[in-house]
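Structure record follows, encoded as C-alpha cells.
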Amino acid sequence: MTTPSGSWPQPPAWNGVIGRTVAESTPDWPSRAKPSPGAPNVVIVVLDDTGFCHLGCYGSSIETPNIDALAAGGLRYNSFHTTALCSPTRAALLTGRNHHAVGMRGLSNWTSGFPNCTGRIPPSAATLAELLSTAGYSTFAVGKWHLTPMEETSAAGPFDDWPLRRGFDRFYGFMQGETSQFYPELYCDNHPIPTPYRPEDGYHVSEDLVDQALAMLRDQRSNSPTRPFFMYFCFGATHAPHQAPPEYIAKYRGRFDAGWDAVREEWFARQVELGIVPPGTDLAPPNPGVRPWATLSDDERRLALRLQEAFAGFLDHTDAQVGRLVDGLKSLGVADNTLLVLMSDNGASQEGGPNGMVDSIHFFNGAAETLPESLERIDDIGGPRANNNYPWGWAQAGNTPLKRYKQNTHGGGVRDPLIVSWPAGIADRGSIRTQFCHVSDIAPTVLEVAGISPPEMYRGVAQQPITGTSIAYTFREGAGAEATRKKVQHFEMLGHRGIYHDGWKAVAFHQRGTDFDDDTWELYHLDEDFSECHDLAESHPDKLKEMVERWWSEAGRHGVLPLDERSGELFGMAGRRRLVEIGRRFVFHPPVSHVNSDAAPPLGARSFTISVQVDRPSGEEDGVLVSYGSVTSGMCLYVLGGRAVFDYNLYGRHYQAVSPGPLPPGESTVDVRFERDANQASASVSVDGAAGDAVHIPGVLRMLSTLGMDIGSDPGSPSCDDYKAPFAFEGTIAKVVFDIPDRSPSAESEALAAGARAQMSRQ
C-alpha cells in the first residue's frame, strides 16, 4: 500500500462551470468516495475472555457448531496474539497500533496522567471505522465499546470518544467493560436507553444485539445496496457474569463431573488430534494456586461444576447468536464477499479466584465470598440474580495447553483463537495457519483487502504510523508454508512483560508490590515449544540478554513506559477526579437518563447525604426515588406505603432505615444521612427534618455496583425485593442533591485504596 501525502479526507472536487445564467453554466455532481470495485464487506466479531481452547474447533467439548462451521469454511490461526486485556486489545484492533502508543495501557476506566494511559484513542490514530467510512463504507458498532473514559459516558458526554465520533454511523450496545446479560446498561447512538423488555419475558442482551445488528444491515442493504459495510460486533460473552437462558445451562449438567484436571487432559488430546497444536507439544503444568480436583470437598466440587456449566451454556448460547448473524448475512446475499473475523480479546479470566463466586461484587470490593454463602445461592448461578464467575481451574482448562491467564503475558493471557472466513477471498478453507500474528495486524489486513492506503494526515492531524503487519498474505492458496512476516512484538500488562522475536519469546511474570528489577525473565523457543514449558534462560543466557534488551528498546519506541502495576487504585482516581471537576455537591433535575457507575456521584467508601424534593399530591404516591445498584449490591431510596425507606444492599443482605412516619401530602423533602466509620456505617432517613432511627450497617461497599444509577424508578436489576421493578415514582421529583463531606484527602485515599489493593481489575 502507498501512503498519500497531504490531508485526508479531501472534499470532492466540483468540476462544473459557473456563468451568469444557468444557460451559460455547466453543472457537475461530485460523487462521494467509493471503495475499490469488489471491496468486501467486513464483519469483526469479538468474544470476551474466551480462552485459546474454549471453542469446539480449538479443542473443547463445549458445543460451538456455528463458529466451528466458520472455521471449516475459512482459516484458524494458532499463533494469534492479543494484549491480555479488553480495552487495550480493542484499541490495537481498531487502530493497527500497539495499545500503549494509543493511550490504552489498561482499561478505559483508567487515566494515570501519562500518555500511555489516557483511557481514549488520540486523534493521531484514526480508527478503522474512520478510514473505512471516509472511503465510502457504511459503519456499525454493536455491543461492548469500552474505549471512552467511563466518567464521560453520561447523557452529557462529552462525546468525542463515543463510537459515533470515532467513525461509526450507528451504535447499539454498552459502554462499560462488563454488563448484566439480563439487565444491560444499553446505549443507542449517543444516549442511554432502557432495556427493551425484561428477562422474565425472555430478554438476553446477546440476542438483542444480533436483532439490532441485522436491523441495521437490512436498512443499509435496502437503502444503499452498492455501498459495502463494516460491522464491529462485540459480545459481552464470555466475560463474567456468565448468564444464559436456563435451557442452555441445563444442557451441560453433569458433563464436567470428571473435574478440571481430567477435562483439561481430554481437551488437550482433542487439540493434538485436530492439529491445533503441533506434534510434540507439552501440556503446561498447573498454574500456581490451582488445586488438584481430587483434593476438593464435595461442596467445593458442586459449586465449581455449577459455575463451569453456566460458562458452557453461556458460550453455547453465544454460538447460536453467531449463527443467527451469519444466517442474516446469507439471507441478505452478502455472505460470499464478507470478510468475517472472529476472535477473543484475551485469554480466559482468572478474576473468579481459586474457588469461583456467585457474586463477583465481592471481588471488586476486596471481600471474600465464603463457601456457605455461595452454596446458599447456588441455584441463582447463570440467572439474573447472580453475577457469577468460575474458578481458576476451569479458566486454566479454557487456556489449554498454555500457562496463566488474562492479564498475564504468558501464552494463556495473549495467545487466543482467531478465525477468518471470506468465501470469495480465501483459499485452503478449513486449514490452520501457524504464522505469528497480533491483534494490531487486523486493521492493516482490512485496509489492504479494501484497497485503502492509510493517510499521513487525517482531518488535519498528523497520523502515527500503523505498526501492524497485514496477514492478507496468509489468505492465499498454499500460504500455510510461508514464514511469518511479523518479526517482533512486545507485550506489557500490569507490569507483566514479554517479547517475541524470530520464533523466540522472553517473558516475565510480575509479582504485584515487588520491584520490577526483581522479576525473573524466562526464555522459550516458541517454534519448538508451543506451550512455553521449557525455560532456556539458564542454558541460553546471551539469547535472554538480547531479548530483554530488545524489550526495553521496543518499550521505548512504542510508549510503554513508565511501567505501572496499578489497576484497582485507578478506579478510585476517577472518583476523585469527579470531586475535583464537579465539587462535592451533585444536583440532578429529574427526569434524567440513566447514569453509569463511573459517571455517578462517587459514593463508595464515603459518607454522604441525599436530599430529594418530592411532591405527592394525593399523599398516596409510592415508588423509587433513587436506585444505585442491582439485586446483588448497592442502595435504594423509595417510598412504600407512604414511608420513605433507605435500603443498603450488602452482598444481598439488606439493612433498612425508615422515616419516622409517612410523607405528608404535597411537597416534602426526604433526606438520607449515611455516616461511614472505618468499615462500617450507620444510615437514617428524615422527612422535613424529622429523623427516624438509624440502622447499623456492618460493612461498607467501596464499589456500590457494576451497574449505575437511576432517579425516579429502578428499571434494571431490582435493588430491593420489597417492590417489583421498575416501581416508578407516582409523584413528582423536583430535585435530587448528593453531598459528599470533605474529609482528609489522605484518609479518603487510603480508604479507597484498601479495597482496590485487593482487586485485580474490572475488565
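Tabulated results
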{"quantity": "Helical mean residue ellipticity (222 nm; -39500 (n - 2.57) per DSSP H run of 4+; nearest 500) of the chain", "calculated": "-7000 deg cm²/dmol"}
{"quantity": "C-alpha center-to-center spacing [region 199-250, region 632-668] in angstrom", "calculated": "37"}
{"quantity": "C-alpha long axis of helix 568-582 to longest principal axis of the chain, angle in °", "calculated": "60"}
{"quantity": "Span from the region 26-93 Cα centroid across to the region 312-387 one, whole angstrom", "calculated": "18"}
{"quantity": "Read-out percent of Cα pairs over 45 Å apart, derived from the coordinates shown; its label in [x] 24; [y] 42; [z] 20", "calculated": "[x]"}
{"quantity": "Sparse-neighbourhood loop sites, trypsin sites (Lys or Arg not before Pro) in region 1-108 - DSSP loop, at most 15 other Cβ within 10 angstrom", "calculated": "R20, R32"}
{"quantity": "Principal-axis tilt of helix 298-331 within the chain, Cα atoms, nearest 10 degrees", "calculated": "60"}
{"quantity": "In nm, spacing of pseudo-spin labels at R653 and A368 (7 Å Cα→C-beta vector)", "calculated": "1.5"}
{"quantity": "Of the GluC sites (Glu not before Pro) in region 418-510, those whose Cβ has at most 11 other Cβ within 10 Å and which sit in DSSP loop", "calculated": "E477"}
{"quantity": "³J(HN,Hα) computed for each position of region 335-346 - Karplus, 6.51 cos²θ - 1.76 cosθ + 1.60, integer Hz, glycine/proline x", "calculated": "5, 4, 10, 10, 7, 10, 10, 10, 8, 10, 7, 5"}
{"quantity": "Extension gain (nm, one decimal) between E207 and R577, 0.36 nm per residue minus Cα-Cα", "calculated": "129.6 nm"}
{"quantity": "For region 1-153: rounded, prolate or oblate by the Cα gyration tensor [a/c cutoff 1.5]", "calculated": "oblate"}
{"quantity": "Angle between the chain longest axis and helix 86-95 axis [Cα atoms, degrees, rounded to 10]", "calculated": "40"}
{"quantity": "Backbone HN-Hα couplings from phi across region 613-629 [Karplus 6.51/-1.76/1.60, Hz, Gly and Pro as x]", "calculated": "8, 10, 10, 10, x, 8, x, 10, 6, 10, x, 7, 8, 9, 10, 9, x"}
{"quantity": "Beta bridge orientation in the chain: antiparallel %, DSSP, nearest 5", "calculated": "75"}
{"quantity": "Estimated distance in nm for a label pair at E546 and R20, the labels positioned 7 Å out from Cα along Cα-to-Cβ", "calculated": "8.0"}
{"quantity": "Whole-angstrom gap from region 488-533 to region 103-159, using each part's C-alpha centre", "calculated": "28"}
{"quantity": "For peptides 566-575, 65-74, sequence by mean Cβ density within 10 Å, most packed first", "calculated": "566-575, 65-74"}
{"quantity": "Too-long pairs where the Cα-Cα distance tops 20 Å, listed order kept, from K144/K406; K144/K487; K487/K543; K406/K487; K406/K505", "calculated": "K144/K487; K406/K487"}
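Where a number appears in this text, it was derived from the coordinates with a stated rule and is not lab data. For clarity, every value in this text was computed on a predicted model and none was experimentally measured. When we count neighbours, we look across all protein chains shown, and the Cβ atoms used for this are built from the backbone with ideal geometry, even at glycine.
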